[in-house]
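Just so it is clear, none of the values below were taken in a lab; they were calculated from the coordinates. Remember, predicted model here, so these are calculated numbers, not experimental data. Cβ placement follows ideal geometry from the backbone for every residue including glycine, while neighbour counts extend to all protein chains displayed.
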Amino acid sequence: MKTTTTEPTQLFKEIMGSYPTGVTVITTKDENQKPVGLTANSFVSVSIDPLMILWCIDKKAGSWNAFDQAEKFAVNILSGDQKDACMTFASKKEPDRFSRQPWKYSDNDLPILENVYASMECKKVQQVDAGDHYILIGEVIDLSKNEELDPMMYFRRNMGPIPKW
């Protein structure tokens, strides 16, 4: 194994950035019932019985208070052609992210982006303090998948459709 003298934090970022993941936009509503959302690739399945997932949010995220107080949230798994949605919801400079993407409220009263690969609506069941992030664990209460789309993949600071293997 080749060793490196790179500083540990930078090396960690390089390693994790080279680990392929999917890309999601997590959404909920704030205390004023306005939609809130952010891009996250820290999303993983936890349990099949019951259906549970988790994702991580930076403690300094501007939308943290909304997710902290929310009882429900939605995971919008982006399709391979939704780079604009990914960048919009990742931007700290975009004041009204939802005005730039088509979306609607679900039957569970959660904001769902349109044209996503899949969505999972969740009831928040646990919140865990983890370093500079919080881990939010949700039980899936509703889910859907668009059979005509493929999910987005993030790898080495690039994103796009999953390659056809």
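Structure summary
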quantity	calculated
5 angstrom amide H check on Asn108, placed H, neighbours 5+ away	none
Net charge of neighbours whose Cβ lies under 13 Å from the Cβ of Asp81, counting Lys and Arg as +1 and Asp and Glu as -1	-3
Where trypsin sites (Lys or Arg not before Pro) in DSSP loops with at most 16 other Cβ within 10 Å are excluded, longest remaining stretch of the chain	94-155
Full-extension gain in nm, Asp84 to Gln10, via 0.36 nm per residue minus C-alpha separation	24.0 nm
For the chain, with +1 on Lys and Arg beta carbons and -1 on Asp and Glu, the positive-most of Val46, Tyr154, Ile77 along the dipole	Tyr154
Separation of the Asp142 and Arg157 label points, Cα + 7 Å toward Cβ, nm	3.9 nm
Angle between the chain longest axis and helix 8-17 axis [Cα atoms, degrees, rounded to 10]	60 degrees
Convex hull per residue volume in Å³, alpha carbons only, for the chain	147 Å³
From phi via Karplus (6.51, -1.76, 1.60), per-residue ³J(HN,Hα) for segment 63-69 in Hz, x at Gly/Pro	9, 4, 4, 4, 6, 5, 8
Amide hydrogen neighbours beyond the local backbone of Asp142, cut-off 5 Å, H modeled	Glu121
Flagged links, alpha-carbon separation over 29 Å, of Lys13/Lys104; Lys93/Lys164; Lys104/Lys124; Lys13/Lys60; Lys34/Lys123; Lys59/Lys123	Lys13/Lys104; Lys93/Lys164
